[in-house]
Amino acid sequence: MARHLEGTVALVTGASSGIGEATAVALAAEGATVAIAARRRDRLERVVERVGNDADVLVIETDVTDEAAARAMVEATVTEFGRLDTVVNNAGVMLLGPIVDAPVEEWRRMVQLNLLGLLYTTHAALPHLLDAAEREPRRVADLVNVSSVAGRTARQGSGVYNATKFGVGAFSESLRQEVTRRHVRVSLVEPGAVRTELAGHNRPEVLEGLSAVIGQTEIMRAEDIAESIVFTVTRPRHVAVNEVLIRPTEQER
């Protein structure tokens, strides 16, 4: 069976676990050569084992909140593989809780990673994506920004996380309008509750509240989101999936 992404190169940030890891594995299964980036090199090495062919995987230990590091990540990918066709901006952090008396450092971490890291990576990658969109084998390129249901609906206890994800949505739509006629597709993926490490970074009292909200809801797996991303980037050149909102069936908001 033909693989849709044969001959293309993908870069996935936040690829050491969760949605990023599942997406890297899924893109490789479709034939893409993949660069996987995150801060935890040991975890990235395990992702290589899942992909199964380490000759087609580049491990990049990096922190995308550092602009120079984000640029170096992109350049390392292009230097190693000669092109860049797909970028999945997945790196992110969700630190919830009341705004009153909040630890401002948590806000800073979310803005730096969820927004600035995504912006730095995108800025560095765009020239290469525009170039790939003019070349075979597909003559189209993809930028996928992983946002959240929190980028659509503001909720109490989620103010700054909401702000970062609303920002991702606005940036994505503006960029989409700018580059779409040059066949760089910009897609926004907005997951609801997914079983990953994301919630585990919160303070204990916040985790208790999250458990009460989720309750017995059957939440999604990282692979569910990866499948949506692969669907998005494997559409024909004339089809752009601009936005994907994906929630557990039992999730109400």
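Just so you know, all these numbers are worked out from the coordinates, no wet-lab data involved. Keep in mind the model is a prediction, meaning the values are calculated, not measured. Virtual Cβ from ideal backbone geometry, glycine too; neighbours counted across all protein chains shown.
Helix 18-29 against the longest principal axis of the chain: what's the angle in degrees, Cα atoms only, rounded to the nearest 10?
Taking Cα atoms only, the helix is inclined about 20 degrees.
Give me the extension gain from Arg155 to Arg221: residue separation times 0.36 nm, minus the current Cα-Cα distance, reported in nm with one decimal. Write out the running numbers ahead of the final one.
On the way: separation 66, 0.36 × 66 = 23.76 nm, distance 2.32 nm.
Length gained between Arg155 and Arg221: 21.4 nm.
If we count other beta carbons within 10 Å of each Cβ, what is the order of Asp85, Asp56, fewest first? Numbers along the way, then the final one.
Numbers: Asp85 26, Asp56 16.
Going from least to most buried by this count: Asp56, Asp85.
If you compute P(r) over Cα pairs in 10 Å bins from 0, in percent for the structure shown, which of [x] 7, 33, 38, 18, 4, 0; [y] 7, 30, 33, 20, 9, 1; [z] 6, 27, 29, 21, 13, 4, 0 do you land on?
Structure-derived value, by its label: [x].
Please report His238, His183 as a ranked list, fewest other C-beta atoms within 10 angstrom at the top and most at the bottom.
On the way: His238 7, His183 19.
Fewest-to-most Cβ neighbours within 10 Å comes out as His238, His183.
Between Ala102 and Glu67, 0.36 nm times their residue separation minus their Cα-Cα distance comes to what?
On the way: separation 35, 0.36 × 35 = 12.60 nm, distance 2.67 nm.
Computed gain between Ala102 and Glu67 is 9.9 nm.
With each label point set 7 Å from Cα along the Cα-Cβ vector, what nm distance links Glu134 and Asp42?
4.5 nm
Applying the Karplus parametrisation 6.51 cos²θ - 1.76 cosθ + 1.60 with θ = phi - 60° to the phi angles of the range 139-148, what ³J(HN,Hα) value in whole Hz is obtained for each residue in order, glycine and proline being reported as x?
After applying 6.51 cos²θ - 1.76 cosθ + 1.60, I find 6, 7, 10, 9, 10, 10, 9, 7, 10, 5 Hz.
Name the residues whose placed amide hydrogens come within less than 5 Å of the amide hydrogen of Val87, ignoring near sequence neighbours (fewer than 5 apart) on the same chain.
Leu11, Asp142, Leu143, Val144
What list of ³J(HN,Hα) couplings, whole Hz, do you get for the range 30-41 from phi and the Karplus terms 6.51, -1.76, 1.60, once you set θ to phi - 60° and write x for glycine and proline?
Running phi through 6.51 cos²θ - 1.76 cosθ + 1.60 with θ = phi - 60° gives 8, x, 6, 7, 10, 9, 10, 10, 5, 7, 9, 5 Hz.
How high is the FRET efficiency between Arg3 and Arg109 when r is their beta carbon distance and R₀ equals 41 Å, given to the nearest 0.05?
Details: r = 37 Å, r/R0 = 0.91.
Once the sixth-power term is evaluated, E becomes 0.65.
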